[in-house]
Amino acid sequence: MATLSRRHMLSILGASVAAPAIVRAQSSEPLKIGGMLPLSGPASIEGRQIILGLQFAVEEINAKGGVFGRRIELVMEDDESNSTKGVTAVRRLIEREKVPFIVGTYATGVAAAASKVSAEYKVPMLSGGSTGALATDQNTPGDPWFFRSWPDSNAQGEDTARAIVDKFKKTKVAIIHDNTNYGVTLAEQVTRVVGTAGGSIVSRDSYNAGEQDFSSMLTKLRTQRPEAVYIGGWAGDGANILRQAAEIGLRAQFVGSGSMLSDDFIRLAGPASEGFAVASLYEASTPNPVGKAFGERFRAKHNQDANTFSSLGYDSTTIALEAMRRAGKPDGAEIQKVLKSGMKDFPIVQGPAGTMASFNAKGSVDFPNFIAVIKDGKRRLDI
């Protein structure tokens, strides 16, 4: 029988002792999470605002030690508001990067297509801005895989329509909307609610996202003398409509969808944005103390006010990170279980004071939208 020298024995023992250290080194590697937004293309104005919220959430959690003692690494994909690219991006994030959840995306059509794929892999998605009802309507009630930490487009359209009639006292309303699911569902809600509230729709026109010339539509609309004009669509198109309406002398109370909430929108629309009203989930002047504290930290970091886009990116990311922590491991199926019913005590920055990450059966969080009005080049909550 072979004998082992003391030196040989110590080397073997050393190897066995060192093994756990290797495991610890592996577990201290960054924990990757997925993000998917339109960072180029027609919705890049919105996407580049939203990503600030994702990054800010990751920076804050890392400053506190990360999750499970591991630094969080945000892996981003640009879907360009294209469904095919969105599906490819989801597969890449899940198969190659092994992310346990994805924050994304902005365009509802892309979110709907991509979330079907993520659900097959049992990896939850948390909206990166998609408000169109389609994305959550396709969830199995009680078992959602796509989550939105704010109300859907139906609720946004309803709150906006009631503001037009009740707050602004306008009853002759014209609707202009793009042909996306977001624009169509908003238009349908505004049409229904204005009618039930005692107003009337004098016209309804649609356009394709990215169109540049609205002069013919607006000239025709001017002859109908609407008291209010509702615009449902993306920020760049809305800014073009406002500018061209001012150029032809169309005067009315303009009201728009939540996509038109950034300072970039005000810059693009210029003086024509004055008086424009928009449904808002968050402003730095929010009465929500959790949101107000977030806004102060965000301004200290970026030297600019947080807005709805940065706040929704922040909320989706912090909710997902907390759900993962509560699940006890970076496992998509376990995170989804927590998201469904285990976050009702987690406060979010959007919405009124006391708003929690309490998802309904379809995967949305219900609370009333604020209405913000642009005055002197700044959005101000009309509360």
Can you give me the C-alpha center-to-center distance between the stretch 317-346 and the stretch 354-383, rounded to a whole angstrom?
23 Å
Using alpha carbon centers only, the stretch 233-311 is separated from the stretch 93-130 by a whole-angstrom value of 27 Å
With all protein chains present and a 1.4 Å probe, how do H302, H177 order by accessible area, largest first?
H302, H177
Explain nothing, just compute: Karplus ³J(HN,Hα) = 6.51 cos²θ - 1.76 cosθ + 1.60, θ = phi - 60°, for every residue of the stretch 224-236 in order, whole Hz, x for Gly and Pro.
8, 6, x, 7, 9, 10, 9, 10, x, x, 8, 4, x
Quote the accessible area belonging to I241 in square angstrom, nearest 10, computed with a 1.4 Å probe and with ligands, DNA and RNA left uncounted.
0 Å²
Can you give me the Cα centroid spacing of the stretch 139-215 and the stretch 35-65 in angstrom?
26 Å
Can you send over the carbon and sulfur percentage of the accessible area for the stretch 234-340, probe radius 1.4 Å, protein chains only?
48 percent
Which of these values of P(r) over Cα pairs in 20 Å bins from 0, in percent was calculated from the structure shown: (1) 27, 56, 17, 0; (2) 29, 52, 14, 4, 2, 0; (3) 20, 38, 34, 8, 0?
(2)
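State the three equivalent ellipsoid semi-axes of the stretch 21-141, derived from the C-alpha gyration tensor as the square roots of 5 times its eigenvalues, in descending order and whole Å.
Numbers: eigenvalues 135, 54, 31 Å².
Semi-axis lengths for the stretch 21-141 are 26, 16, 12 Å.
About the Cα centre of the chain, what is the dipole size in debye to 20, counting +1 per Lys and Arg Cβ and -1 per Asp and Glu Cβ, all else neutral?
Values: 44 positive and 40 negative charges, 179 e Å.
That gives a dipole near 860 debye.
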Restricting to DSSP loop positions (anything but H, G, I, E, B) with no more than 13 other Cβ atoms inside 10 Å of their own Cβ, which trypsin sites (Lys or Arg not before Pro) remain in the stretch 340-383?
K344
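With n ≥ 4 as the cut-off for DSSP H runs, can you work out [θ] at 222 nm for the chain, using -39500 (n - 2.57) per run divided by the number of residues, rounded to the nearest 500? Spell out each step's value before the answer.
Working: 13 runs with 167 residues, N = 383.
Value at 222 nm, helices only, nearest 500: -14000 deg cm²/dmol.
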Would you mind getting the accessible area per residue of the chain, heavy atoms of the protein chains only, 1.4 Å probe, in Å²?
42 Å²
For K167, give me every one of the lysines with a C-alpha distance below 26 angstrom, ignoring sequence neighbours fewer than eight places off in its own chain.
K292, K375, K378
Cα-based reach from K337 at 22 Å (exclusive), listing lysines while leaving out same-chain residues under 8 positions away:
K32, K98, K116, K122, K329, K362
Candidates N62, N303, N179, ranked by Gaussian network fluctuation over the chain, Cα under 10 Å, top entry
N303
Trypsin sites (Lys or Arg not before Pro) within the stretch 80-150, DSSP loop, no more than 15 other Cβ atoms inside 10 Å
K98, K122
Could you tell me which residue out of P330, V290, A133 lies farthest along the dipole of the chain toward its positive end? Charges go on the beta carbon: Lys and Arg +1, Asp and Glu -1, centred on the Cα centre.
P330
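The values are calculated or read from the model by the stated rules, or taken from the named source; none is laboratory data. Quick caveat, the model's predicted, so the values are computed rather than measured. Here the Cβ is made from the backbone with ideal geometry for all residues, glycine too, and neighbour counts use every protein chain on show. The protein model used for the area step is the full one, side chains on, heavy atoms only, and it has no ligands, DNA or RNA in it. Shrake-Rupley method; radii C 1.70, N 1.55, O 1.52, S 1.80 Å.
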